[in-house]
Amino acid sequence: MAVRGGLGLFLTSVLLAMAFAGFFGGVDSYNRPPMRKTLVVRNLADDLDAVSPQQVHISVVGEDKMRISWITETSTQATVQYGTSPGKYEFSADGTTSSYSYLTYDSGEIHDTVIGPLKPNSVYYYRCGIDSTREFSFKTPPAQFPVKFAVVGDLGQTGWTQSTLQHIAESNYDMLLLPGDLSYADLNQPLWDSFGRLVEPLASQRPWMVTQGNHEIEKIPLIHNEPFTAYNARWRMPFEQSGSGSNLFYSFNVAGVHVIMLGSYTDFDPKSAQFKWLEADLRKIDRNKTPWTVVLIHAPWYNSNTAHQGEKESIDMKASMEGLLYRARVDVVFAGHVHAYERFTRVYNGKTDNCGPVHITIGDGGNREGLASKYIDPKPDISIFREASFGHGQFEVVNATHALWTWHRNDDDSVVSSDSVWFKKPSISDPACKVKT
């Protein structure tokens, strides 16, 4: 994880300045509140050596396996030893190792190892690499209801991020869902390492399932033409298992819920691979097994904030894919991007529709850019609750028909539940809301 030479640092600084000036992203239509300082997390322990695991995070693979991902400074074997008791590792699995270069930066050794089969709702202890002294533990998700998700977008690594992570840690969640904008590295690759260290205490204990946002693109015309280089290398998701050909969109099942992760910044028109994959994935859902369907995107399709209006990732993707989600009777769509919280009613084609999904924007986990505090006035009828605050959401699916959604804001660095609502699925006997293929 090294950056080569003073010239490289200068070049990176110039490019970062251009990026923040709007060269690589959309032009802001609002004045952001003051930023909060970015945290730079060094090694978590003084006794780490070059082969010690760091930036450890886990993600589900299928319904009984887990991918363990970690980074070392130098080469070592991608082996995970694990078991059901501390210090006793009855099982072992080997994985793969990769790395990447970005401008003057060379990553460490990135290891990915899939372990299992694992029992549901069980605690496992594990260590990464051979003879590592660092022991971690995780709990697998349950096999059936209830299941509790922590949902947070645009996380970043600031003081606000720190309080958000603290509150999530206290929530006893089973899995974290993140609809894009993870590290806010924005070309500065060492910030990916800092982010990995910051989230490791949580991400090594519960599966984190993520999709990409605009801050993950990191494409520089003529200089670095491959988008999502760091994201794809560091946060490998189980896309192959759902028949996807890209790490940027995939799906999985967990405890009666079918979760679909879509890519706002890859092709989504009806001729695209993502559209065709989504169409096929929705047809394959077994609603006897997974009665709930949840979708995550980055750029929201519904938004009454003045920020990020008129962007094609929202308008064109909605025009292309909203009908697919509606006919499949998707229950909830979570989005990020807008740095504020907003919950809509069940909606389709811009109007209240009892058969449509609830859209919720939660792009305010703790990013350094500040909150989007200006809303369109008057408030649209389809917008039920909105506020500019940092925080996270909790989505607890209780059974096949009911789920509890709660928004927890971080005002004054204390967790406050400011919005809470029960979702009830439309009756399966209602012919108007019957799934259409």
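Bear in mind that the values in this text are calculations on the coordinates, not laboratory data. Just so we're clear, the structure is a prediction, and the values are computed from it rather than from any experiment. Methodologically, a virtual Cβ is constructed for each residue, glycine included, from the backbone with ideal geometry; neighbour enumeration extends over all protein chains shown.
Cβ screening of the chain for cysteine pairs under 4.7 Å finds these without a partner: C128. Projecting the Cα atoms of Q205, G180, S194 onto the charge dipole of segment 177-222 (Cβ charges, centred on the Cα centre) puts Q205 farthest toward the positive pole. Note on mean projected area of the Cα convex hull in nm²: of the candidates [x] 20.1; [y] 23.1; [z] 24.6, the value calculated from this structure sits at [x]. Classify segment 54-139 as rounded, prolate or oblate, taking a ≥ b ≥ c as the square roots of the eigenvalues of its Cα gyration tensor: rounded when a/c is under 1.5, otherwise prolate if a/b is larger than b/c and oblate if not. Since a/c reaches 1.5 and a/b is larger than b/c, the shape of segment 54-139 is classed as prolate. Here the dipole of segment 54-139 is about 340 debye; that uses its Cα centre as origin and unit charges on the Cβ of Lys and Arg (positive) and Asp and Glu (negative).
Each of K289 and N225 was given a label point 7 Å from its Cα along the Cα-to-Cβ line. The distance between the two points is 4.2 nm.
Is there a pair in K65/K119; K119/K424; K312/K379; K65/K276 whose C-alpha atoms are over 19 Å apart, and which pairs would that be? K119/K424; K312/K379; K65/K276, as the Cα separations exceed 19 Å there. Using only the Cα atoms of segment 369-437, build the gyration tensor, take square roots of its eigenvalues as a ≥ b ≥ c, and label the shape rounded, prolate or oblate: rounded if a/c is under 1.5, else prolate if a/b is larger than b/c, else oblate. It is oblate, given that a/c is not under 1.5 and a/b is not larger than b/c. What the Cβ-Cβ distance of E279 and D49 gives, at R0 = 60 Å and to the nearest 0.05, is a FRET efficiency of 0.75.
The dipole here belongs to segment 93-236: it is taken about the Cα centre, uses +1 on the Cβ of Lys and Arg and -1 on the Cβ of Asp and Glu, and is about 480 debye. Within a straight-line Cα-Cα reach of under 12 Å, K425 can be paired with the following aspartates and glutamates, leaving aside sequence neighbours fewer than 8 residues apart in one chain: D331. Once the C-beta distance of K434 and H402 is scaled by a Förster radius of 25 Å, the resulting FRET efficiency is 0.80 to the nearest 0.05. Modelled spin labels at S98 and S420, positioned 7 Å past Cα toward Cβ, are 4.3 nm from each other.
When the trypsin sites (Lys or Arg not before Pro) in segment 359-437 are filtered for DSSP coil states and for at most 10 other beta-carbon atoms within 10 Å of their beta-carbon, the remaining sites are K436. For the chain, the dipole from Cβ point charges (+1 on Lys and Arg, -1 on Asp and Glu) about the Cα centre works out to 1120 debye, to the nearest 20.
Sparsely packed loop sites in segment 256-302 (the trypsin sites (Lys or Arg not before Pro) outside DSSP H, G, I, E and B with at most 13 other Cβ atoms within 10 Å) comprise K271, K284, K289. Quick one: check the C-alpha center-to-center distance for segment 343-359 versus segment 249-294, whole angstrom. Each part reduced to its Cα centre gives a spacing of 19 Å.
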